[in-house]
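Below is one structure, written out as structure tokens; comments come after it.
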Amino acid sequence: MSILITGGAGYIGSHTCIELLESGFDIVVVDNLCNSSREAMKRVEALTGKSIPFYEADIRNPEAMTEVFKAHQIEAVIHFAGLKAVGESTRIPRTYYDNNVTGTLKLVEVMEQFNVHHLVFSSSATVYGDPAIVPITEDMPTGATTNPYGRSKYIVEEMLKDISASDNKWNFTLLRYFNPVGSHESGQIGEDPKGIPNNLMPFIAQVAVGKREQLSVFGDDYDTKDGTGVRDYIHVVDLAQGHVAAVKTHQQDAGLHIYNLGSGTGSSVLEMLQAFEKSCGKSLPYSIQPRRPGDIAECYADPSFAEKALSWKASRTVETMTDDTWRWQSGNPNGYES
Ligand code: NAD
Ligand code: UD1
């Protein structure tokens, strides 16, 4: 029996492949490589010493997906495949709804056809919108999203809840990630954004290797500890291990399971910058710029439910996050093309 990983060549997917293989699971990967490269899979194979059945295919293509399900005995699916750039989603919303929403529906259809009913879905803290209070617990309201990307995650969550309510065979786990950062400690795999990074950590990393001139800090007048935005950064290896815990815990549990995967600690933009400066051993130029539209002041998780139910806890520190990111970025200044 194997676990099918959609989007397994991507940033979080590739790290999760390693943790699953190291925990003794067999895996199969489907990825259309629209935001990743085959090299990531080769490095996962080299790091684990295992070969991974890989299909370059689109989850929206039922014929291709049928071939995968025919060729392997799939017991569960971890579904990472999707598009994730907030700005781009406002420019090409149809593409986002097609990929993220229609793609998930088509995947679920093929699963039904092959009698596979266990799905773990990559959701996001973005479904909470601008939270009334922090830390955020799973029962807080969702849906007040501010962009098509966020809405696509919210719509998929609602769709899976409806399917679960209609048919008690389904076993869905919705994992709401906070801010995944960092890289595998080997420095061999990591985040490889195409073009100008939108997110803080890859942007800082590119300033540190000299690919970008300076960091723009989006706003220093928020009601936070130092005026800059506060987020819950979680090391990608902790996040990957959260998936292993979720799959193991709910292997046989039909129903709907929802977890925040975060560290529970809020760090500001300037704190992250300072931690990175220590990791790379130099000071990094930045300037204060206006707030980024759609940004919120503070967002961090109450991860206690996941900790209790999954016997899992994010344990890696901000220093480990910046050290590991620097090891990956400095060793691979042009990502997988280095
Ligand atoms: P990523 O872009 O690195 O990985 C996604 C992978 O899916 C890529 O390899 C891409 O080629 C593949 N893909 C996209 N559309 C596909 C399709 N139609 N068919 C087959 N493959 C397809 O992104 P990531 O950071 O690893 O994120 C993984 C998932 O987690 C995404 O669903 C994302 O929305 C979600 N998420 C990410 C973050 C984050 O900050 N990285 C936060 C919350 C949620
Ligand atoms: C963003 C997305 C969110 C998505 C998440 C993970 C927006 C509005 N939200 O969240 O939907 O789920 O990424 O992919 O885009 N910052 C800077 N300078 C930069 C980049 C970021 O100061 O160049 C600041 C931001 O203002 C924020 C913090 O750094 O305070 C983190 O930003 P980012 O990494 O983009 O994540 P989120 O905004 O939390």
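Values in this text are rule-based calculations from the coordinates and carry no lab data. Note that the structure is predicted; figures quoted are calculated from it, not measured. A quick note on method: Cβ atoms are made from the backbone with ideal geometry, for glycine too, and the neighbour counts reach across all protein chains shown.
Using Cα pairs closer than 8 Å and at least 6 residues apart in sequence, work out the relative contact order for the range 179-263, in percent.
32 percent
Taking a temperature of 37 °C and a viscosity of 0.692 mPa s, what whole-number D in µm²/s does Stokes-Einstein yield for the range 225-325 with Rh from Kirkwood over alpha carbon pairs?
Details: Rh = 15.4 Å.
Stokes-Einstein gives a translational diffusion coefficient of 213 µm²/s.
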Could you check what % of the DSSP bridge pairs in the range 169-318 are antiparallel, to the nearest 5? 10 percent
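Once the other residues with Cβ under 13 Å from the Cβ of Val207 are scored (Lys, Arg +1; Asp, Glu -1), what is the net sum?
+1
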Proximal lysine pairs in the range 204-338, meaning Cα under 19 Å and 8 or more positions apart or interchain, come to 4
Lys169: which lysines have alpha carbons under 16 Å from its alpha carbon, excluding same-chain residues fewer than 8 sequence positions away? Lys161
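At 0.36 nm per residue, minus the direct Cα-Cα distance, what do Thr66 and Met1 gain on full extension? Give it in nm, one decimal, please.
In short, 21.8 nm is gained.
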Given the Cα-Cα distance of Asn168 and Thr146 and 0.36 nm per residue of separation, how much length would full extension add, in nm? 4.7 nm
According to the square roots a ≥ b ≥ c of the eigenvalues of the Cα gyration tensor, what is the shape class of the chain, taking rounded for a/c under 1.5, prolate for a/b larger than b/c otherwise, and oblate for the remainder? prolate
Once every DSSP H run of n ≥ 4 in the chain is given -39500 (n - 2.57) and the sum is divided by its residues, what mean residue ellipticity at 222 nm do you get, rounded to the nearest 500 deg cm²/dmol? -11500 deg cm²/dmol
For Val28, enumerate residues with amide H under 5 Å from its amide H, sequence gap 5+ or separate chain, H modeled in the peptide plane. Ile3, Leu4, Ile5
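Can you list the GluC sites (Glu not before Pro) in the range 174-257 that are in a DSSP coil and have 12 or fewer other beta carbons within 10 angstrom? The partial results should precede the final answer.
Numbers: sites: Glu185, Glu191, Glu213; in loops: Glu185, Glu191, Glu213.
Filter output for the range 174-257: Glu213.
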Quick one: which residues, 5+ away or cross-chain, put their amide H under 5 Å from the amide H of Ser124? H built at 1.01 Å from N. Tyr177
Using the Karplus equation 6.51 cos²θ - 1.76 cosθ + 1.60 (θ = phi - 60°), what ³J(HN,Hα) coupling, rounded to whole Hz, does each residue of the range 105-122 give in order, writing x for Gly and Pro? 4, 5, 4, 4, 4, 5, 4, 4, 4, 9, 6, 9, 10, 10, 10, 10, 10, 7
What aspartates and glutamates sit close enough to Lys50 to cross-link, taking a C-alpha to C-alpha distance under 17 Å and skipping anything fewer than 8 places away on the same chain? Glu19, Glu22, Asp26, Glu39
Go through the range 46-61 residue by residue and turn each phi into a ³J(HN,Hα) via Karplus (6.51, -1.76, 1.60, θ = phi - 60°); whole Hz please, and just put x for glycine and proline. 5, 5, 9, x, 10, 9, 10, x, 10, 10, 7, 8, 9, 5, 7, 9
Taking 0.36 nm per residue of sequence separation and subtracting the Cα-Cα distance, how much length would be gained by fully extending the chain between Ala46 and Gln274, in nm to one decimal? 78.8 nm
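Tally the DSSP beta bridges in the chain and give the antiparallel ones as a percent, rounded to 5.
5 percent
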Could you list the square roots of 5 times each eigenvalue of the Cα gyration tensor of the range 46-171, that is, the equivalent ellipsoid semi-axes, sorted largest first and rounded to whole Å? 27, 18, 16
